[in-house]
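First, the structure itself, so that you have it in front of you.
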Amino acid sequence: MRRTFVLICIGAVSVCAVLMAQQRVPQLPEPTAPHPNPSRPIPKPEGATLKAPDGFNVSIYYDNLQGPRMMEWAPNGDLFVSQTGTSTIAVLRDTNNDGTPDTRSVFVQGPVPAPRGGGAPAPQVCTGEGAGGRQPSGIAFQPGYVYIGYTDCIVRYPYKSGDTQLQGKPERLVDLPGGGNHFARNVAFNKDGKKMYVTVGSASNNSEGEDVRRAAISEYNPDGTGFRIFASGLRNPTALAWQPGTNTLWTSVNERDNLGDDLVPDYITSVKEGGFYGWPFSYIGNHYDPMHVGKMPNLVKTAIVPDVLIPAHSAALGMVFYTGDQFPSHYKNGAFVALHGSWNRSKANGYKDVFVPFQGGKPGALEDFLTGFLTNDGTEGQITAWGRPAGVALTKDGALLVSDDTGNRIWKVSYVAKK
């Protein structure tokens with residue numbers, strides 16, 4: 001599927017012009033030369049701790065996982081965790097109801113991805129009956145099924161409450177474009193379960209001519225039919241989350257690299273049906289990418305400015321709205337976002353979990369929430385980190401879980417002070 005851009009303007013005063021008039025395009029720095037500084041993972045230093053705001057306690061929820069990324073609760077209270085390091089879906093169960101899992105099972109196993117920097121390439125397609133796919137990420141439950149987003153496809157597995165291993169035959173519902181950059185595929189359903197949404201990131205940094213399903217959020221029926229592009233121009237959309245009290249879908253997006261330390265901001269944003277968010281021609285509204293200056297001017301005029309900008313190269317991944325009651329009222333209906341951490345800037349951005357408060361349904365300014373994963377931010381040579389946040393989820397009693405795919409554990413943040 002080749003990407004074709006179509007611009008529709010209606011009426012004497014075009015819808016396109018009205019959209020642009022309603023947006024405030026932020027001022028951004030000029031592009032500069034890139035200064036890559038990929039982080040080096042290190043073991044957790046003796047005595048190293050994570051820091052959360054006053055009144056919160058940070059503890060290990062589960063340890064010794066294998067690249068944990070996204071997390072989703074099964075109907076019976078088991079926690080399903082995608083493990084990209086082994087292409088498995090782990091099931092964590094709390095058998096004695098003490099608030100901490102004490103058993104781990106493997107629901108499904110896919111082909112193990114090749115190590116970075118060498119080795120034979122992993123298969124590019126989902127496997128057949130009785131097996132999973134490559135590098136699982138998103139997980140979603142619907143009555144009788146669990147859906148898994150793999151690099152190359154969406155698979156639907158039969159599921160009944162309490163299953164810890166695959167029972168029955170999986171269905172490969174949707175084939176997805178694989179290869180290139182950005183392996184993660186998330187999957188989520190709307191509130192009535194009648195529509196499925198799938199994220200696919202771009203194959204490149206900022207090239208034209210990619211498959212129409214890349215750099216986009218697509219919509220399907222639950223059986224994989226009814227494909228259409230829901231929103232486009234999103235370089236690497238990762239999380240999918242529904243804003244409480246609304247029918248508004250939000251996503252987190254990793255923007256492009258190689259334009260300097262401070263370009264381009266990542267972001268979280270509400271997703272407008274049929275919206276175009278700039279990639280590859282522009283970013284953060286109508287700021288042209290230097291590779292594409294002057295191209296598709298009518299389309300670039302319609303590029304939507306995201307709701308919340310995040311410092312460049314932070315790598316915004318998991319996102320969850322806080323609907324629990326454990327935390328103080330400041331956190332109610334706000335968004336927690338896992339920032340996996342930068343590689344394409346001289347000093348580190350990200351490597352933490354942040355919070356975005358919402359008032360009256362509108363987002364406020366970013367706040368640091370969980371920090372301490374870094375041991376060297378790049379001030380003295382290579383960035384080093386003993387952990388990198390990837391996914392976020394809420395427990396039934398309102399604590400926050402943060403997966404760490406470098407430290408191979410899940411952290412739990414609880415509020416312990418009096419409200």
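The values are calculated or read from the model by the stated rules, or taken from the named source; none is laboratory data. Small disclaimer: the values here were computed from a predicted structure and weren't measured. Here the Cβ positions follow ideal geometry from the backbone for every residue, glycine too, while neighbour counts run over all protein chains shown.
Among the candidates Pro26, Pro31, single out the residue that is touching a Leu at 6+ places or on another chain (Cβ under 8 Å), part of a loop (DSSP other than H, G, I, E, B), at pLDDT below 95 and surrounded by 11 or more Cβ atoms within 10 Å (Cβ to Cβ).
Numbers: Pro31 fails: at pLDDT below 95.
Step by step, each of Pro26, Pro31 is checked, and only Pro26 is touching a Leu at 6+ places or on another chain (Cβ under 8 Å), part of a loop (DSSP other than H, G, I, E, B), at pLDDT below 95 and surrounded by 11 or more Cβ atoms within 10 Å (Cβ to Cβ).
Something else: Checking Gly360 against (1) surrounded by 21 or more Cβ atoms within 10 Å (Cβ to Cβ); (2) free of Cβ contacts under 8 Å to residues at least 24 places away in the same chain, which single condition isn't satisfied?
(1)
Based on what the data block shows, is Ser403 part of a loop (DSSP other than H, G, I, E, B), in contact (Cβ under 8 Å) with a residue 24 or more places away in the chain, under 18 Å from the mean Cα position of the chain (by Cα) and surrounded by 17 or more Cβ atoms within 10 Å (Cβ to Cβ)?
Working: part of a loop (DSSP other than H, G, I, E, B): no; in contact (Cβ under 8 Å) with a residue 24 or more places away in the chain: yes; under 18 Å from the mean Cα position of the chain (by Cα): yes; surrounded by 17 or more Cβ atoms within 10 Å (Cβ to Cβ): yes.
Here the answer is no, as Ser403 does not meet what is asked.
Against the condition touching a residue at least 24 places away in the same chain (Cβ under 8 Å), surrounded by fewer than 19 Cβ atoms within 10 Å (Cβ to Cβ) and either at negative phi or among the basic types (Lys, Arg) (or both), how does Thr379 come out, does it pass? Before the answer, list the steps.
On the way: touching a residue at least 24 places away in the same chain (Cβ under 8 Å): yes; surrounded by fewer than 19 Cβ atoms within 10 Å (Cβ to Cβ): yes; either at negative phi or among the basic types (Lys, Arg) (or both): yes.
Criteria met by Thr379.
Testing His182 on (1) at pLDDT 95 or above; (2) at positive phi, one condition comes back false. Which one is that?
Single failed check for His182: (1).
Of the residues that sit in region 64-101 and are of a type in the set (D, E, K, R) and modelled with pLDDT of 95 or more, which one is farthest from Gln142 (Cα to Cα)? Lay out the reasoning, then the answer.
Residues of region 64-101 of a type in the set (D, E, K, R): 69, 72, 78, 93-94, 98.
Those still in the list that are modelled with pLDDT of 95 or more too: 69, 72, 78, 93-94.
Working: Arg69: 20, Glu72: 12, Asp78: 15, Arg93: 19, Asp94: 22 Å.
Ranking the candidates gives Asp94 first.
Just give me the residues in region 406-419 being assigned to a strand (DSSP E or B) and among the aliphatic types (A, V, I, L, M), in sequence order. Write out each step before concluding.
The initial filter retains those residues of region 406-419 that are assigned to a strand (DSSP E or B), namely 409-415.
Residues satisfying the conditions are Ile410, Val413.
While we're looking at this one, here's another question. Select the strands (runs of 3 or more DSSP E) contained entirely in region 166-255, then report the ones holding at least 3 residues which are β-branched (Val, Ile, Thr) and crowded, with 16+ Cβ neighbours inside 10 Å. Don't jump to the end; show me each part of the working.
Numbers: elements: 171-175, 187-189, 196-200, 216-220, 228-232, 237-242, 249-253.
Those strands (runs of 3 or more DSSP E) span 196-200.
Only one residue in Pro121, Pro113 is closer than 15 Å to Thr88 by Cα and either modelled with pLDDT of 90 or more or assigned to a loop (DSSP other than H, G, I, E, B) (or both). Which one? Walk me through how you get there before you give the answer.
Working: Pro121 fails: closer than 15 Å to Thr88 by Cα.
Result of the check over Pro121, Pro113: Pro113.
Can you tell me which residues in region 170-190 are among the basic types (Lys, Arg) and under 15 Å from Ala216 (Cα atoms)? Can you show your working first?
Restricting attention to region 170-190, the residues satisfying the condition of being among the basic types (Lys, Arg) are 172, 185.
Residue satisfying the conditions is Arg185 alone.
Within region 307-323, which residues are among the aromatic types (Phe, Trp, Tyr) and either more than 15 Å from the chain's Cα centre (by Cα) or crowded, with 23+ Cβ neighbours inside 10 Å (or both)? So that I can check it myself, show each step before the final result.
Taking region 307-323 first, the residues among the aromatic types (Phe, Trp, Tyr) are 321-322.
Within region 307-323, just Tyr322 meets the criteria.
Among the residues of region 261-301 satisfying the criterion of being among the small types (Gly, Ala, Ser) and surrounded by fewer than 24 Cβ atoms within 10 Å (Cβ to Cβ), which is farthest from the chain's Cα centre (by Cα)?
Kept after step one, since they are among the small types (Gly, Ala, Ser), are these residues of region 261-301: 270, 274-275, 278, 282, 285, 294.
Now restrict to residues that are surrounded by fewer than 24 Cβ atoms within 10 Å (Cβ to Cβ): 270, 274-275, 285, 294.
On the way: Ser270: 14, Gly274: 20, Gly275: 19, Gly285: 21, Gly294: 31 Å.
Only one residue fits best here, namely Gly294.
Let me ask you something else. Which condition does Val293 not pass, out of (1) farther than 19 Å from Ser202 by Cα; (2) hydrophobic (A, V, I, L, M, F, W, C); (3) touching a residue at least 12 places away in the same chain (Cβ under 8 Å), if it passes all the others?
All conditions are met except number (3).
I need the strands (runs of 3 or more DSSP E) fully contained in region 335-387, keeping only those with at least 2 residues that are within 21 Å of the chain's Cα centre (by Cα) and over 26 Å from Thr32 (Cβ atoms).
Details: elements: 335-339, 352-356, 367-370, 374-376.
Once the strands (runs of 3 or more DSSP E) in region 335-387 are filtered for at least 2 residues that are within 21 Å of the chain's Cα centre (by Cα) and over 26 Å from Thr32 (Cβ atoms), what remains is 335-339, 352-356, 367-370.
Now for a different question. Could you grab me the full set of residues in region 98-108 that are assigned to a loop (DSSP other than H, G, I, E, B) and more than 17 Å from Leu401 (Cα to Cα)?
Within region 98-108, the subset assigned to a loop (DSSP other than H, G, I, E, B) is 98-102.
Of everything in region 98-108, nothing turns out to be assigned to a loop (DSSP other than H, G, I, E, B) and more than 17 Å from Leu401 (Cα to Cα).
Among (1) under 14 Å from the mean Cα position of the chain (by Cα); (2) surrounded by 21 or more Cβ atoms within 10 Å (Cβ to Cβ), which single condition is Ile304 missing?
So Ile304 meets the others, but not (1).
Now for a different question. Which residue is farthest from Leu400 (Cα to Cα), if the candidates are limited to region 82-97 and must be among the polar types (S, T, N, Q) and free of Cβ contacts under 8 Å to residues at least 40 places away in the same chain?
Taking region 82-97 and keeping what is among the polar types (S, T, N, Q), we get 82-84, 86-88, 95-97.
Remaining after also requiring free of Cβ contacts under 8 Å to residues at least 40 places away in the same chain: 86, 95-97.
Numbers: Thr86: 25, Thr95: 20, Asn96: 20, Asn97: 17 Å.
Among those that are among the polar types (S, T, N, Q) and free of Cβ contacts under 8 Å to residues at least 40 places away in the same chain, it is Thr86.
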